[in-house]
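Only one structure is covered here, and it is reproduced in the block below.
What follows draws every value from the coordinates through simple rules; no lab data is involved. Please read all numbers here as calculations on a predicted model, not as lab measurements. Methodologically, a virtual Cβ is constructed for each residue, glycine included, from the backbone with ideal geometry; neighbour enumeration extends over all protein chains shown.
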Amino acid sequence: MIRAHALTKRYGDRLAVDGVDFTVQPGKVTGFLGPNGAGKSTTMRMIVGLDRPDSGTAEVNGRRYRDLDAPLREVGVLLDGRAAAKGRTAYKHLRGIAATHGIPASRVDEVIALAGLESAAGRRVGGFSLGMGQRLGIAAAMLGDPSTVILDEPVNGLDPDGIMWMRSLLRRLAAEGRTVLLSSHLMGEMTQTADHLIVIGQGSILADGPLREVIDGVTHESVRVRTRDVERLTSAVAGPGVTITTGADGTVDIAGMGAEQVAESAAAAGVVLYEVSTITGSLEDAYLALTSGAVDYRSQTLEMGAPR
C-alpha cells in the first residue's frame, strides 16, 4: 500500500505539490493522471525518496522509502527507462543491480524473460530503442519481485505487442495482490488497464475513485440517433434540460433524455430513426473536464495567413 498524507513540495516560488492525500490500495491498478507540470512525477519521486517533501509524508507499507530494509524487494520503480549505463549490456546492468541487493543471478534470467529481452540481453544498452529501454526498465523494477510497483509512462515507445504485454503484466500483478501505481497520457490504455484513478492538477488532487465512478461524476450520458428528418426530430425532443447537437451526416446527439424517451417522441412525431444508441462519457471527456482549469501549458491555435 502507498499512502500520501499532506504531501507538499515547493521549488522556489512554484508550488509543485500542494498538500495531497491519497491511498493506493493493493490488488488494483491505480492510474495517476494529470497535465504536464501537474505534480505527478514529483509525487512519485517523493514516494521513493528521490525528492524530499517540504511537509507531509509518503509511505510504502507503512514506512518511508528510506527506512525500508530491502527497498528493491518491496518497491519496483520505473521513472526513466534510459537510466542505465550505455556501455553496459542489458544483462550486466541487471546483474549489477541484483548483486548489490543480494538477489540471485537466476532472478536476472527470469526478469529478462519476463520483459522479452532474451535476444537483446548481450547487447549494449546504448544501442537500445526507446521501447527496448522501457522493457529493460521494467525488468529492473521487477528484479526484487516487489509487492509494490510504481511505473511512470511505462508504455512510451512500446509497439502494439509491447503495449498488450504491459497491459497483461499490470493486470496480473494486481490479481496477485500487489499495489500498482501507473501514470500515462494514453487515455485509451488507461481505460483498459486501471481499476482506480487519481487525477492531479496544479499540485492538488482533482479526483480520486473507481474509474467508472470518476468518469460518470463529470460526464453525462447521451443518445445518438440518425434520421433524415433532423428538423422535425429536434422539435419533437426539445424541452427544458435537453441539449441537442446535430451532425452533418444526419446524426443527432441528445442529452437529458433516455433512449426510450427519444424513440417515443420520434414515433409520436412520425419521425423515422435509422439508428439509436446510448453514448457514455469517456475517460478522455472526464479528464478534460476535470483538468480544464488546471493546465499550466496550454497550446494556442495558429491562424495561418500570408507569409511574413
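Annotations for the structure displayed:
- Residue with peak Gaussian network fluctuation, the chain [Cα springs, cutoff 10 Å], from Leu114, Leu94, Leu273: Leu273
- Going from the fewest other Cβ atoms within 10 Å to the most, the residues Tyr65, Tyr91, Tyr11, Tyr287 appear in the order Tyr11, Tyr91, Tyr65, Tyr287.
- In the chain, a dipole from Cβ-located charges (positive for Lys and Arg, negative for Asp and Glu) runs towards its positive end, and of Gly256, Val225, Val24 it is Val24 whose Cα lies farthest in that direction.
- Compactness check for segment 130-202: Cα Rg over 2.2 N^0.38 Å is 1.07.
- Here the scattering of segment 184-270 is modelled by Debye summation over its C-alpha atoms, one equal scatterer each and no solvent; at q = 0.12 Å⁻¹ the log10 of I(q)/I(0) is -0.54.
- Linear extension gain, Asp54 paired with Asp80, 0.36 nm per residue minus alpha-carbon span: 7.0 nm
- At q = 0.12, 0.17 Å⁻¹ the log10 of I(q)/I(0) for segment 1-91 amounts to -0.42, -0.80, computed by Debye summation with a single uniform scatterer per C-alpha, solvent ignored.
- Evaluated at q = 0.16 Å⁻¹, the base-10 log of the normalised Debye intensity for the chain, with identical point scatterers placed on the Cα atoms, takes the values -1.23.
- Globularity ratio of segment 220-279, using Cα Rg and 2.2 N^0.38 Å: 0.94
- Charged-residue dipole, Cβ positions (Lys, Arg, Asp, Glu), the chain about Cα centre, Debye nearest 20: 1520 debye
- Gap separating the Cα centres of segment 166-243 and segment 76-126, nearest whole Å: 36 Å
- Max mean-square fluctuation residue, GNM over the chain, Cα-Cα springs under 10 Å, options Gly76, Gly49, Gly201: Gly49
- A Gaussian network model of the chain, with springs between Cα atoms under 10 Å, assigns the largest mean-square fluctuation among Ile205, Ile112, Ile244 to Ile244.
- Using 0.36 nm per residue and subtracting the Cα-Cα separation, the extra length available between Ala259 and Thr278 on full extension is 6.2 nm.
- For the chain, the membrane-span-like helices by this rule, meaning whole DSSP H stretches whose C-alpha atoms cover at least 15 Å of axis and whose Kyte-Doolittle mean is 0.5 or above, are 130-141; this says nothing about an actual membrane.
- Reach of Lys86 by Cα under 23 Å, taken over lysines that are not fewer than 8 positions away in the same chain: none
- P(r) weight above 24 Å for segment 12-146, C-alpha pairs, percent: 38 percent
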